[in-house]
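Bear in mind that the values in this text are calculations on the coordinates, not laboratory data. Just so it is clear, the structure is predicted and the values come from calculations on it, not from any experiment. Note that each Cβ is placed from the backbone with ideal geometry, even for glycine, and that neighbours are counted across all protein chains shown.
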Amino acid sequence: MLALAYDQETYNPQPHSHQKISNQLYENGWSVIDDYLPYRTISELLKESQQLMSDKKFKDAGINNRIIDKDQRTDQTAWINPDTCYHTQSQVIQQLERLRLYLNRENQLGLFDLELHASIYPTDGFYKKHFDNFQKSSSRTLTIVLYLNQQWEPQDGGQLRIYLKNNMSINIDPTGGRLVTFFSNNFEHEVLTTNTERYSLTGWFRRSDLPI
Ligand code: OGA
Ligand code: MN
């Protein structure tokens, strides 16, 4: 019983956060939720990313799946495989699965799976303005980013800038525990230069590519 209570406290998202995400997506096409997961969970996720780092699991991220273009992006990524990942990563995958089912039910999105990786931007890292779908594939439907730096200060940079209609944009600080969600095909976005190492989990809920 105690163990169960502990787990719930550690891993459950903030109450009603899935409902908030659903509403914000419906209204704006993007959503920002603070403290999606408790502080302790975010610390564990950060440690797991750092462990992947010391195990040399991170690779330079590519453009178009292959080409590595350091003028365009300088982050490193490590895919998170649900069968082999660390404990807390696995708990997060379960939460995101609940979010996927919630959004399918409430927003009728037909999301069928999740592709997830850990990301690290080194100091001076960035990712220039882009869409998340590379040319032919449009299966990435909803982008999700969970930030892991717990003491983020504005001077640390590394904001996510999302481009909206009418030449407007918003800058989102990558504060630990914050979950950002947006429709991948609707918003160009970029990661501004970060002045410290920047950790996150980044993923996409996908729809099937296959013709119906
Ligand atoms: C990406 C991306 C945004 C962020 O990995 O494609 O745009 O804030 N990430 O990390
Ligand atoms: Mn992106």
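Take the residues of the range 141-161 that are within 15 Å of ligand 2 (Cβ to nearest atom) and either aliphatic (A, V, I, L, M) or more than 17 Å from the chain's Cα centre (by Cα) (or both): which is farthest from residue 23 (Cα to Cα)?
Residues of the range 141-161 within 15 Å of ligand 2 (Cβ to nearest atom): 141-147, 158-161.
After this cut, where a residue has to be either aliphatic (A, V, I, L, M) or more than 17 Å from the chain's Cα centre (by Cα) (or both) as well, the list is 142, 144-146, 160.
Working: 142: 14, 144: 15, 145: 18, 146: 19, 160: 21 Å.
Taking the candidates together, the pick is 160.
I'd like to verify a number: residues in the range 189-203 that are more than 9 Å from ligand 2 (Cβ to nearest atom) and under 15 Å from residue 132 (Cβ atoms), how many?
Filtering the range 189-203 down to residues more than 9 Å from ligand 2 (Cβ to nearest atom) leaves 192-201, 203.
Filter again for under 15 Å from residue 132 (Cβ atoms), leaving 200-201, 203.
The qualifying residues number 3.
Here are some residues: 148, 142, 103. Which one is crowded, with 19+ Cβ neighbours inside 10 Å and within 12 Å of ligand 1 (Cβ to nearest atom)? Write out each step before concluding.
Details: 142 fails: within 12 Å of ligand 1 (Cβ to nearest atom); 103 fails: within 12 Å of ligand 1 (Cβ to nearest atom).
Criteria check complete, one pass: 148.
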Note to self: Given the criterion within 16 Å of ligand 2 (Cβ to nearest atom) and either surrounded by 14 or more Cβ atoms within 10 Å (Cβ to Cβ) or touching a residue at least 60 places away in the same chain (Cβ under 8 Å) (or both), identify the matching residue among 96, 164.
What the structure shows: 164
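From the list 107, 133, which residue is more than 12 Å from ligand 2 (Cβ to nearest atom) and not hydrophobic (A, V, I, L, M, F, W, C)? Reasoning before the result, please.
Working: 133 fails: more than 12 Å from ligand 2 (Cβ to nearest atom).
107 is the lone residue from the list that is more than 12 Å from ligand 2 (Cβ to nearest atom) and not hydrophobic (A, V, I, L, M, F, W, C).
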Item checked: Scope the range 33-50; condition within 14 Å of residue 201 (Cβ to Cβ) and over 14 Å from the mean Cα position of the chain (by Cα); matching residues -> 41, 43, 44, 47, 48, 50
Margin query: For the structure I just gave you, tell me whether residue 128 is basic (Lys, Arg) and within 14 Å of ligand 2 (Cβ to nearest atom).
Written below: yes
Check: Is it the case that some residue within the range 25-40 is crowded, with 16+ Cβ neighbours inside 10 Å, touching an Asp or Glu at 6+ places or on another chain (Cβ under 9 Å), touching a residue at least 24 places away in the same chain (Cβ under 8 Å) and β-branched (Val, Ile, Thr)?
Finding: no
Check: Does residue 192 satisfy the condition of being within 11 Å of ligand 1 (Cβ to nearest atom) and surrounded by fewer than 22 Cβ atoms within 10 Å (Cβ to Cβ)?
Finding: yes
Item checked: Subset of the range 165-186 that is in contact with a Ser or Thr (Cβ under 9 Å, 6 or more places away or on another chain) and within 10 Å of ligand 1 (Cβ to nearest atom) - its residue that is nearest to residue 45 (Cα to Cα) -> 174
